[in-house]
1. Which angle from 0 to 90°, rounded to the nearest 10, does the C-alpha axis of helix 67-86 make with the longest principal axis of the chain?
2. Determine the relative contact order of the chain: mean sequence separation of Cα pairs under 8 Å and six or more apart, normalised by residue count, in whole percent.
3. I'd like to compare 132-145, 92-105, 46-59: which one has the highest average count of other Cβ atoms within 10 Å, and what's the full order after that?
4. Looking at the chain, what % of the alpha carbon pairs are farther apart than 23 Å?
5. Starting from the Cα gyration tensor of segment 29-121, take the square roots of the eigenvalues, sort them a ≥ b ≥ c, and report rounded, prolate or oblate (rounded when a/c is under 1.5, otherwise prolate if a/b is larger than b/c, else oblate).
6. How long are the semi-axes of the equivalent ellipsoid of segment 160-239, taking √(5λ) for every eigenvalue λ of the Cα gyration tensor, in whole Å from largest down?
7. Going highest first, how would you order 234-241, 184-191 by mean Cβ packing within 10 Å?
8. Compare 44, 110, 179 in a GNM of the chain, Cα atoms joined below 10 Å, and give the one with the largest fluctuation.
């Protein structure tokens, strides 16, 4: 007797679960796969998980097979249904129904693909998918290499050294540069993010021969209130050694 992985409609049960397959007459067991597909074509895509698990639970509770066995059976039945509808006469009076059923089965196949944790589908399908992933990864690697080649042009082999103890002095100079205005009006330099200067200094400068963490520098670039830092590190007056000023124009 054929083993059925799908929970059947009980004999003379006139209030079955909507996911049960078959009819109340109970004389259809040799066609359980067809009834599974017919029921599948009537449900919505957001019910795929519930429908699948409903029959999976039946299989496991009755020790008909393992979770992988059930998956393989469902894949076989759905693939068989897809093949059936693909081979139908496109000029038949039922063509519209066939096209709709084919679409629904193919959508369900996509769902099955997403839960195939065993790579249990036919090997040629799994291999083709993995090959597609490999090719996509190769393309991404090539794009990353191309981007890295461009970035390398901005890399430096040796950073600019700041004399030990004078990091606040350099930061003070950059802060002065931030506020410089051109004679015609407006800032000499403009930027959108407070982190721009900390990142630049960290990337191209070293303090006493050591790298400068971005977070250390960001302490100098904090949101201010009434010209006083809310938090962070202030530059003490003894470190403000230089003043950047506009050169006075000489008369001709």
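Throughout, read-outs are computed from the coordinates displayed, never taken from laboratory work. Keep in mind it's a predicted model, so treat the numbers as computed, not measured. Reconstructed Cβ throughout: ideal geometry from the backbone, glycine too, with neighbour counts over all protein chains shown.
1. 80 degrees
2. Reported as a whole number, the value is 12 percent.
3. Highest mean packing first, the order is 46-59, 92-105, 132-145.
4. 71 percent
5. prolate
6. Here the semi-axes work out to 21, 16, 13 Å.
7. 234-241, 184-191
8. Taking springs between Cα atoms under 10 Å, the residue moving most is 179.
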